[in-house]
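*Asks:* Before anything else, here's the structure in question.
The values are calculated or read from the model by the stated rules, or taken from the named source; none is laboratory data. None of the values given here were measured: they were computed from a predicted structure. All Cβ positions, even for glycine, are placed from backbone atoms using ideal geometry, and neighbour counts span all protein chains on display. For accessibility, only protein heavy atoms count, side chains too; no ligands or nucleic acids. Shrake-Rupley method; radii C 1.70, N 1.55, O 1.52, S 1.80 Å.
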Amino acid sequence: MTETVIQMKDVSLTLGEGASSVHVLKGVSLAVRKGEATGIVGPSGSGKSTLLMVLAGLEKVDAGEVHIAGQRIDNRSEDEVAAFRGRNVGIVFQSFHLIPNMTALENVAVPLELAGHPDPFAVAQRELAAVGLAERVTHYPGELSGGEQQRVAIARALAPEPAILIADEPTGNLDQATGRTIADLLFSKADERGMTLVLVTHDPSLAARCTRQIAMRSGRIETAPELAAVNA
């Protein structure tokens, strides 16, 4: 049986306090197998992006368990989770989240430097070449197109060679043609490297490229019949 690399067990999360609090995740259970591409779909406010942030250890749950790459992370300290994420999880955001006063090369090298990699710039150079930006390494984000900025973000996510790649609306800020190219890049790199891909998208054509789709509504997983066998 294929190894399960992501498992959430009865996870709940409330954001905000008092009258402004929102119960974002409500008893969510999920299992994702190694090498699988999972698309998470659903209306705005359904909890999709929050689910990704929980998987990345960027949101701490109120109840339940979160297991990533064989390790339970919900009961670890913030520093421990950050170190774990740096080794195991790559993240691609809709808005790129590049550092504006750093070159493409420097942006990709940052997580490697933080992790104490012995040669971060050589790896960054290689990863930028792998996403088709060998000639743009010295350019700043403001000098790059949206598609190029997202390529830099993908190179940054891939650089630590994570087991899991998480993408939150990775084509949301791009035109259709550029978005298709970025999607091709994400799927091809995940496949080449045997990574597990989990992405949130409003684009039905992008979700359809995944191994399976999971629909969320009002903080719950609405349709994921294949999970029954995984969680049994």
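*Asks:* Note the direction-averaged projected area, equal to a quarter of the hull surface, for the Cα convex hull of segment 44-86, in nm².
*Replies:* Average projection, Cα convex hull of segment 44-86: 3.2 nm².
*Asks:* How large is the dipole of the chain about the Cα centre if only Lys and Arg carry +1 and Asp and Glu carry -1, each at its Cβ, rounded to the nearest 20 debye?
*Replies:* So the dipole magnitude of the chain works out to roughly 480 debye.
*Asks:* Tell me the net charge near residue 15. Cut-off is 13 Å between Cβ atoms, residue 15 excluded, with +1 for each Lys or Arg and -1 for each Asp or Glu.
*Replies:* -1
*Asks:* Additional query: I'd like to check one number: the per residue accessible area of the chain, probe 1.4 Å, reported in Å² as a whole number.
*Replies:* 46
*Asks:* Another question about this same structure. If you roll a 1.4 Å probe over the chain with all protein chains in place, what percent of the accessible area is carbon or sulfur?
*Replies:* Heavy-atom surface of the chain belonging to carbon and sulfur, 1.4 Å probe: 49 percent.
*Asks:* Mean separation of Cα pairs under 8 Å and 6+ residues apart, divided by the residue count of the chain: what relative contact order is that in percent?
*Replies:* 29
*Asks:* Additional query: Tell me, how many Å apart are the Cα centres for segment 119-141 and for segment 175-226?
*Replies:* Cα centroid of segment 119-141 versus Cα centroid of segment 175-226: 25 Å apart.
*Asks:* Pairing the Cα long axis of helix 146-158 with the longest principal axis of the chain, what angle in degrees results, from 0 to 90 and rounded to the nearest 10?
*Replies:* Orientation of helix 146-158: about 70 degrees from the principal axis.
*Asks:* Now a separate question. What does the charge count around residue 221 come to, taking other residues whose C-beta lies under 11 Å from its C-beta (Lys +1, Arg +1, Asp -1, Glu -1)?
*Replies:* That sum, taken over residues with Cβ under 11 Å, equals +3.
*Asks:* Please compute the length gained on full extension between residue 76 and residue 110, using 0.36 nm multiplied by the number of residues separating them and subtracting their Cα-Cα distance.
*Replies:* 9.9 nm
*Asks:* Moving on. Suppose every Lys and Arg Cβ carries +1 and every Asp and Glu Cβ carries -1, with no other charges. What dipole size does segment 29-90 come out with about its Cα centre, to the nearest 20 debye?
*Replies:* Rounded to the nearest 20 debye, it is 260 debye.
*Asks:* Once the convex hull of the C-alpha atoms of segment 88-160 is built, how many Å³ does it hold per residue, rounded to a whole number?
*Replies:* 75
*Asks:* Now for a separate question. Taking only C-alpha pairs under 8 Å that are 6+ residues apart, what is the relative contact order of segment 1-138 in percent?
*Replies:* In percent, rounded to a whole number, it is 20.
*Asks:* Tell me which of 96, 64, 81 sits at the most positive position along the dipole axis of segment 1-103, charges placed on C-beta atoms (Lys, Arg +1; Asp, Glu -1).
*Replies:* 96
*Asks:* Per 0.36 nm of contour for each residue apart, how much would the distance between residue 84 and residue 208 grow if the chain were fully extended, relative to their Cα-Cα spacing?
*Replies:* Residue separation times 0.36 nm, minus the Cα-Cα distance, leaves 41.6 nm.
*Asks:* Taking amide H positions as placed in the peptide plane 1.01 Å from N, state which residues far from residue 91 in sequence (5 or more) or on other chains have amide H under 5 Å from it.
*Replies:* Hits under the 5 Å cutoff: 166.
*Asks:* Do any GluC sites (Glu not before Pro) in segment 75-159 lie in a DSSP loop with no more than 13 other beta carbon atoms within 10 Å, and if so, which?
*Replies:* Those satisfying the criteria are 135.
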